[in-house]
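The values are calculated or read from the model by the stated rules, or taken from the named source; none is laboratory data. These figures come from a predicted structure and were not determined experimentally. Cβ placement follows ideal geometry from the backbone for every residue including glycine, while neighbour counts extend to all protein chains displayed. Please note that ligands, DNA and RNA were not included when accessible areas were found on the heavy atoms of the full protein model with its side chains. Shrake-Rupley method; radii C 1.70, N 1.55, O 1.52, S 1.80 Å.
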Amino acid sequence: MNFFQLAGNFWLEHERAPFNHCAMVLYFRLLYEAEKRSWKGPFKLSWGYLQGVLGFGKGTLARAISDLKSRGLITYHKDNGRGVFWFTHPWFQNGTENRTTDRTTNGTEDRTTDGTEKQSDEATTSMNTTISNADASAELMNAFKKEKKEKDQKKEEKEEKEKNQENTHTFDTPNGVSQPSAEIVPEWRLKLNEYEKQIISTWELMVGPWEEGWLDELRNVLKVCYPAQIKQAIASTSVSQLHKLVQSGFPYLAQLLLKGVFGHRVKRKNKPKNWAEENLTGLKKFLQKSSLKDIWAEGVGEDG
């Protein structure tokens, strides 16, 4: 009864001045939310939630709320960033059902005998309109429920599929049933050091698959070139000679690196001695060769 009374009220206002599509969808969504809460209100809904379920932008949602509120179909205010909604139909004031039969226009009702028949005719017409539009409202509500159920089902299926595919591959068994299989990493890759991993990753990113047989040549090149020089060589050569790299592989690039085309490691010279080392070398040697006794005897002889 609550739903049909509110739906009838909506359609009467719609016949007086048609609502746009967004205001209509919002109103029946609010009816759906009220039904979920057993018609206990007012209730709170976040704008983010409404934008998500209705597919509205922020401006569209604001205009739909304003339209329904200005035409007396809902009450609305904000509380801690969330919208507080309820309905303004006389049966739903203050969250309870008002079943009084005293309905007024502008706060008063003309109870004169002359107006009784006219009011009766208007009430009959209003009731017929309410009943005819209630069927359409019920269909719209059922459509909302069906759409929500389908969305929830698709979401569950997607999550289940992602969960099953995470970090796994599949292979077909003889009986045709796919079974999960963990990815197998070659043993030689597990033995790579950090520099080798970086260089091989650069090659695979810019050129193509890396072959295990190239590891010895890579390690020889690392003895004379810095890792950064090798990665730079891969990057520059993949631009100018990609076909040659794909055809000949890393051995072709290794020859260029060993010839110094992209530079070699710098041999560091010995650091120059500082002032103390240069000037105290003689004193150190003297002290190492002579004992304290010899130094004392030499000093006494000179004094005598």
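Observations
- Picking from residues in the stretch 1-53 that are modelled with pLDDT of 90 or more and among the small types (Gly, Ala, Ser), the one that is nearest to Arg63 (Cα to Cα) is Ala23.
- The set of residues from the stretch 214-264 being of a type in the set (Gly, Ala, Ser) and out of contact with any Phe, Trp or Tyr (no Cβ under 9 Å at 6 or more places or on another chain) comprises Ala228, Ala235, Ser240, Ser248, Gly260.
- Within the stretch 40-88, the set of residues being assigned to a loop (DSSP other than H, G, I, E, B) and either free of Cβ contacts under 8 Å to residues at least 12 places away in the same chain or open to solvent by 30 Å² or more (accessible area, probe 1.4 Å) (or both) comprises Lys40, Pro42, Ser46, Gly55, Gly57, Arg71, Gly72, Asn80, Gly81, Thr88.
- For the stretch 247-266, the set of residues classified as in contact with a helix residue (DSSP H, G or I) (Cβ under 9 Å, 6 or more places away or on another chain) and hydrophobic (A, V, I, L, M, F, W, C) consists of Phe250, Leu253, Ala254, Leu256, Leu257, Leu258, Val261, Phe262, listed by residue number.
- Looking only at the stretch 165-179, and only at residues there that are of a type in the set (S, T, N, Q) and open to solvent by 100 Å² or more (accessible area, probe 1.4 Å), the one that is modelled with the lowest pLDDT: Thr170
- Output for the stretch 205-253, where each listed residue is in contact with an Asp or Glu (Cβ under 9 Å, 6 or more places away or on another chain) and not aliphatic (A, V, I, L, M): Trp210, Arg219, Pro227, Gly249, Phe250, Pro251
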